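What follows is one structure encoded as structure tokens, with my remarks underneath.
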Amino acid sequence: MTPRKFQKRQEAKNQRIWAPGSGLRQAIFVGLVLLSGLFTWGATPAAAAGAPVGAASAGSAADDTAHLSPVGFQAVRVPNGDEPPLAAGIWYPTSAEAQDVPLENFKQHVAPSGPVKGHALPLVVISHGGGGSYAGHYDTAIALARAGFIVAAVSHAGDTFDDQSKVMMLWRRPAQLSRLIDFMLTDWQGHADIDPQRIGAFGFSNGGFAVLVEAGGIPDLGRIDPYCAANPQHDLCTTLAKAGVHSVAQAPQPPPDAWKPDRRIRAIAAAAPAFGFTFDRAGLASVQIPVLLWRAANDRHQPDPWYEEHIRSALPRPPEYHVEPLAGHYAFLPPCSTRLRAIAPMACVDAPGFDRAAFHQRLNAALASFFTASLQSQSASH
């Protein structure tokens, strides 16, 4: 789909959401997506929500990485219980020759369906931001694959760029991430090359919330109402007020067994995790694995100290903590092309002096270093 066609589709969707009589559930949905900083006025929602936003120059990017270790890639479908299969992407070290391959609005330099190179490799699963897709952190996936990881990312059904019908049901995301791990360890053709004792997870925004739950975190969504009473000027709260929503108790409620950890995951990295204030010390007490926490210093969608700082102070073990100066919420998404910057300025235009491409080099290197150290040490203890 071209960016122009996508923009028209999303504009029509916005009109339906805000049309008179569209319903309380849709209004709450819009409010909570805004809380996670992933739907912004004046931006193409897919780009603003974690969907691919393009490399600075697809051709030059391929030229710049041609000398690096080749990366294999597969697009797969993951069983999802009684629902349709989940779309997912897998990146991994390979010996095959890479080529330029389209990936939604990107062009990545990979070897489609190349053989896996190596054995007993660590696995990192990725959870995208609200309204995104599995391709939204493709550059991080490629960097981790070049560092020796198998990487799998899933499109979270009900919270993707083309379907936000279940974005309120936050408990669906961790369950889908666990199903991705199930698939990787049992059904994927390269499953024998994965070390099941070395599994990590990386998530951005709504995805950061998901990996915290997978690590043992138990949120209290009932904290949203008092949060808005104390902070009526914050994005979520102003949007809910405009929509006439006075209590999230009116939204679908999580089932009793909603928040289940996945103890196969031995380390997590959360970038700008959404709903941070819904976790307290008791809710994070079971998070005993290594955590990397990253905050954008200029994040106006998830204002400090209600998100990363709140989580950092409540974790039972001090996380590895990074604060990126000048970075906005969307800095964790890949650098934008000129064309997409014009379509999605809120997601693409950074503060003066902030170099997103350089930041991603540091971000991806830090993630590779963190998971290498954390998963190696965890594996050694088994």
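Among what's in the range 264-293 and is polar (S, T, N, Q) and out of contact with any helix residue (DSSP H, G or I) (no Cβ under 8 Å at 6 or more places or on another chain), pick the residue that is least open to solvent (accessible area, probe 1.4 Å). Among them, the one singled out is SER286. Within the range 299-309, does at least one residue satisfy the condition of being open to solvent by less than 40 Å² (accessible area, probe 1.4 Å) and under 30 Å from PRO196 (Cα atoms)? Among the residues of the range 299-309, at least one is open to solvent by less than 40 Å² (accessible area, probe 1.4 Å) and under 30 Å from PRO196 (Cα atoms), which makes the answer yes. Sub-8 Å Cβ pairs linking a first residue in the range 293-312 that is free of Cβ contacts under 8 Å to residues at least 24 places away in the same chain and closer than 10 Å to PHE277 by Cβ to a second residue that is open to solvent by less than 50 Å² (accessible area, probe 1.4 Å) and of a type in the set (Val, Ile, Thr), at least 6 apart or interchain, number zero.
Taking the stated definitions as given, is LEU170 under 23 Å from SER247 (Cβ atoms) and surrounded by 23 or more Cβ atoms within 10 Å (Cβ to Cβ)? Here the answer is yes, as LEU170 does meet what is asked. Restricting to the range 155-167, and then to whatever is closer than 13 Å to GLU104 by Cβ and under 15 Å from the mean Cα position of the chain (by Cα), can you tell me which residue is surrounded by the most Cβ atoms within 10 Å (Cβ to Cβ)? Checked the range 155-167; the qualifying residue surrounded by the most Cβ atoms within 10 Å (Cβ to Cβ) is PHE161. Among the strands (runs of 3 or more DSSP E) confined to the range 83-123, the ones with at least 1 residues that are of a type in the set (Ser, Thr, Tyr) and crowded, with 18+ Cβ neighbours inside 10 Å are located at 83-93.
On inspection, ALA347 qualifies as in contact (Cβ under 8 Å) with a residue 40 or more places away in the chain, more than 25 Å from ALA147 (Cβ to Cβ) and touching a helix residue (DSSP H, G or I) at 6+ places or on another chain (Cβ under 6 Å).
A quick yes/no check of all residues on (1) touching a Gly at 6+ places or on another chain (Cβ under 6 Å); (2) closer than 24 Å to PHE161 by Cα; (3) touching a residue at least 60 places away in the same chain (Cβ under 8 Å); (4) not hydrophobic (A, V, I, L, M, F, W, C):
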position: ASP82; (1), (2), (3), (4): no, yes, no, yes
position: ALA87; (1), (2), (3), (4): no, yes, yes, no
position: ILE90; (1), (2), (3), (4): no, yes, yes, no
position: LEU103; (1), (2), (3), (4): no, yes, no, no
position: GLY114; (1), (2), (3), (4): yes, no, no, yes
position: ILE126; (1), (2), (3), (4): no, yes, yes, no
position: HIS137; (1), (2), (3), (4): no, yes, yes, yes
position: THR140; (1), (2), (3), (4): no, yes, yes, yes
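If you go through the range 136-154 and pick out every residue that is surrounded by fewer than 24 Cβ atoms within 10 Å (Cβ to Cβ) and either in a helix (DSSP H, G or I) or out of contact with any strand residue (DSSP E or B) (no Cβ under 8 Å at 6 or more places or on another chain) (or both), you end up with 5.
Going through the range 308-341 one residue at a time, which ones are aromatic (Phe, Trp, Tyr) and touching a Phe, Trp or Tyr at 6+ places or on another chain (Cβ under 7 Å)?
As a first pass, look at the range 308-341 and keep what is aromatic (Phe, Trp, Tyr): 321, 330, 332.
Of everything in the range 308-341, just one residue is aromatic (Phe, Trp, Tyr) and touching a Phe, Trp or Tyr at 6+ places or on another chain (Cβ under 7 Å), namely PHE332.
The values are calculated or read from the model by the stated rules, or taken from the named source; none is laboratory data. Everything quoted here is computed from the prediction, not taken from an experiment. Cβ sites come from the backbone with ideal geometry, for glycine too, and all protein chains shown count toward neighbours. Calculation scope for accessible area: heavy atoms of the full protein, side chains included, ligands and nucleic acids excluded. Shrake-Rupley method; radii C 1.70, N 1.55, O 1.52, S 1.80 Å.
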